[in-house]
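For reference, the structure is listed below as structure tokens.
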Amino acid sequence: MTFLPFKTAAVLGAGIMGTQIAAHLANAGLKVLLMDLPAPEGHKNAVVEGAFKKAKKMSPPMLFTPDTAHRIELGNYHEHFARLSQVDWVIEAVVERLDIKQKLMARLEQVVHPEAVIATNTSGLPIGQIAQGRSLDFRQRFLGTHFFNPPRYLKLLELIPTAETDPAIVQRMEWFSRSYLGKGVVVAKDTPNFIANRIGLFATFLGIHALTEDGYSIEEIDTLTGTLVGRPKSATFRTADLVGLDTLLHVAENIYPAIPQDEQRQMFKLPKLLKTLVETGSRGAKAGQGFYKKVGKKILSVHPKTFVYGLPPEFDLPGLDGILHVPKLVDRLRALYQLPGRGGDFFRQTTLALLSYAACRLPEIADSPVDVDRAMRWGFGWQLGPFEMWDAIGFHRVLYDMQAANLMVPEWIQEMAATGEGHFYRSHHGVPSNLLMANAVLGPMGEQTVEQPQDEIHLPLIQTNGSKLWENPEAALFDMGDGVVLYEFRSKGNTLSTTVVDGLGDVLDLLTQDDRYRGLVIGNNSDHFCGGANLLEMGTAAQTGNWQLISNLLVTFQTLLQRIRYFHKPIVAAVQGRALGGGCELVMACPHVVAAAESYIGLVELSVGLIPGATGTTRMAKWAAQRAASGAAQHIQPFLNQVFKTVATATVAGSAYEAMELGFLPPHTHVVMNNDQRLYVAKAEVLCLDRAGYRPPAQETFWVLGEPGRAVLNHMAYTLEQGGFASEYDRWLAGQLAYVMTGGKLTSPARVSEEYLLGLEQEVFLPLLQEKKTQERIMHLLKTKKPLRN
């Protein structure tokens, strides 16, 4: 079935969620009408304008670029309600009160277009009740949406159709939300708290009960429920503080009476600890204290009985230290499950309870284990959902222990065991069994079908047998089919080590020699494209005084990137997440780029006491000159000022669109909202370029401004220092950057080649690395992962 994308939308309610939903729709290119109540007096739009102004100051930002805001029109229900007749999609996001939502739906029915989709955004109210009393036609176009906060950054979108929602509407919403909004979509049933919050709240309350009843400390529980087990660093109690204890309390108050048949209903009974904290004003991070409280540089936690904040008691988790450093999550989970003592007891008890609860919720909240796992990964940031975790520990072992603990085991799990099934996720083409999903659709006959997941981040990039063409210890080359190959680097932090750089050179040699290959994609399946040059290699060489090695590495990298730039076959970078320093230079060298919208790209070398020395400075100077109306200095200088400030302040673009504005990505970059589509689109881009008769960019000279332009840049650096935005050393480094960008010792504007400026990059880079303060910055970053301002 072919669907038309939404072009216009309206969001009713300019609260925290409504405003951010409107912003993300604008990010996706929609024209959006954001509305709220009229102000009781004066300017009628004062409420919505104040809310939007405040939201634009959020950090991290809700918009891809500040200019995206122009797609959002502001209005109020009194003056502008009739405009709702002109939009394709209406999202109601007003206060979480059933009566108010119902009244708004009645009013909406009178004005919306007869083909418009109407959605209510709620985190737990019964969807079907919100549209009660409306016409059948209205109810067929009505469904629930549950965006997770913040909508731009959290992938999960739960769609909640009612029994009357037209299936075609659900399919259109799934398609649009996935392709245009970049969402991971899960269809949930109209049950209390839907999927993710139902399971997530249960997991949170397991932690609270362990604190109040089992004698574990807040810090012990957060250690056992955080990164150790593949969950966010904020774990249980820091997450609760961030969400807000008052919000958690409100959710608990609502869900307990709504689930009378839930076998674990008592777990959701309002904990006295939570109620007391809220009543005394300890509402979490927004109040400055919740389960945690920061006093100076110390992080204190509340005592569950005295409610006094203090330093954490000593951990009593013997044997845990050895597991903390196990690199693979599956291995850590198995080791934890076998660990004797308090740490192992906590993990076994809470894990068994969680897995039993998740299994018992099917088919109540969803039809498939896949939907539950995706909801927890996309909405809560878990690396493994409950059923993936079950597989990792061992299906039959968990089942046996669950039964021994007298936990409920639903009938469909018992049927799986009886038929010999030993996992939820089947093996395919040699991929480990916990990675490919046996999507157990719970029909009346208990039949199961195997489904390939939309975006399993654990999977290798190419899964067909014989697809690997070449590899070294930190990189590999895969056949993507149709004559397109993929270079994937897997070094620590995806840094550009000598092994990665040499491997890329070998791959270009292969493409030159073999006419079967039509082009190359450079990409990987990690969260981040590239962390830049391998500073450990560089810092070690600098400390040992091996300057010739560093010089050779720099020349090799420059030569490689120039070769990529002007290669005779199409090369496409497939970028996602962070691409910093040398990683940014690699992206800039590729003439064609496919970028996930959430790409954070920047030349950050000055933060470690260097300048971009592998073509980055040259490309930025050339980009500035090419943007100017002519080669006249007065035309070039404003653009040069812009790129100079960008590099001198180590600015990182907050999205792919901002990266294009800053010059890190070409203006014709293909931006994909859904990162799962990135490699597919990159391959298609290579094929399109090849079929059109690929020609690499022309190697053109460009204008640099010489000494007069450098004086302007040096004054900018002085101003930054005087304003407190740069240290004295920062200013000196900026002077070195200005020297290269303006052509070195040239006394007046001149046309130069790229090779000329690359020589200046080499001239400046090596002496900078010999500076004590630069070496201090590098070592500080390696030790603390934070930049040093010296």
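One table, with the values for the structure above:
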{"quantity": "Checklist (1) more than 29 Å from the chain's Cα centre (by Cα); (2) more than 18 Å from residue 759 (Cβ to Cβ); (3) surrounded by fewer than 20 Cβ atoms within 10 Å (Cβ to Cβ); (4) small (Gly, Ala, Ser) applied to residue 650, failing item", "calculated": "(1)"}
{"quantity": "Residue in segment 378-400 that is of a type in the set (Asp, Glu), open to solvent by 30 Å² or more (accessible area, probe 1.4 Å), at pLDDT 95 or above and outside any loop (DSSP other than H, G, I, E, B) present", "calculated": "no"}
{"quantity": "Residues (open to solvent by 30 Å² or more (accessible area, probe 1.4 Å) and within 14 Å of residue 591 (Cβ to Cβ)) located in segment 550-575", "calculated": "563, 565, 566, 568"}
{"quantity": "Among residues of segment 88-107, those that are touching a residue at least 60 places away in the same chain (Cβ under 8 Å) and touching a helix residue (DSSP H, G or I) at 6+ places or on another chain (Cβ under 7 Å), counted", "calculated": "5"}
{"quantity": "Among residues of segment 396-410, those that are farther than 15 Å from residue 353 by Cβ and either touching a helix residue (DSSP H, G or I) at 6+ places or on another chain (Cβ under 8 Å) or charged (D, E, K, R) (or both), counted", "calculated": "2"}
{"quantity": "Residue in segment 512-526 that is closer than 22 Å to residue 774 by Cα, outside any helix (DSSP H, G or I) and either open to solvent by less than 50 Å² (accessible area, probe 1.4 Å) or among the aliphatic types (A, V, I, L, M) (or both) present", "calculated": "no"}
{"quantity": "Wholly within segment 205-267, helices (runs of 4 or more DSSP H) carrying at least 2 residues that are out of contact with any strand residue (DSSP E or B) (no Cβ under 6 Å at 6 or more places or on another chain) and free of Cβ contacts under 8 Å to residues at least 40 places away in the same chain", "calculated": "245-258"}
{"quantity": "When residues of segment 69-99 are limited to those that are among the aromatic types (Phe, Trp, Tyr) and closer than 21 Å to residue 133 by Cα, the one nearest to the chain's Cα centre (by Cα)", "calculated": "89"}
{"quantity": "Of residues in segment 733-782 being basic (Lys, Arg) and farther than 26 Å from residue 543 by Cβ, the one surrounded by the fewest Cβ atoms within 10 Å (Cβ to Cβ)", "calculated": "745"}
{"quantity": "Of the criteria (1) open to solvent by less than 10 Å² (accessible area, probe 1.4 Å); (2) in contact with a helix residue (DSSP H, G or I) (Cβ under 7 Å, 6 or more places away or on another chain); (3) within 19 Å of residue 699 (Cα to Cα), which one residue 587 fails", "calculated": "(2)"}
{"quantity": "Candidates 321, 367, filtered to the one that is modelled with pLDDT under 95, among the acidic types (Asp, Glu), open to solvent by 30 Å² or more (accessible area, probe 1.4 Å) and part of a loop (DSSP other than H, G, I, E, B)", "calculated": "367"}
{"quantity": "Some residue of segment 215-232 being hydrophobic (A, V, I, L, M, F, W, C) and open to solvent by 10 Å² or more (accessible area, probe 1.4 Å)", "calculated": "no"}
{"quantity": "Residues being without any contact (Cβ under 8 Å) to a residue 40 or more places away in the chain, in a loop (DSSP other than H, G, I, E, B) and either surrounded by 17 or more Cβ atoms within 10 Å (Cβ to Cβ) or polar (S, T, N, Q) (or both) - total across segment 534-549", "calculated": "2"}
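The values are calculated or read from the model by the stated rules, or taken from the named source; none is laboratory data. Computed from a prediction, not measured in an experiment: that's the story for all the values here. Heads up, the Cβs are rebuilt from the backbone with ideal geometry, glycines too, and the neighbour counts pull from every protein chain shown. Only protein heavy atoms, including side chains, enter the accessible area calculation; ligands, DNA and RNA are left aside. Shrake-Rupley method; radii C 1.70, N 1.55, O 1.52, S 1.80 Å.
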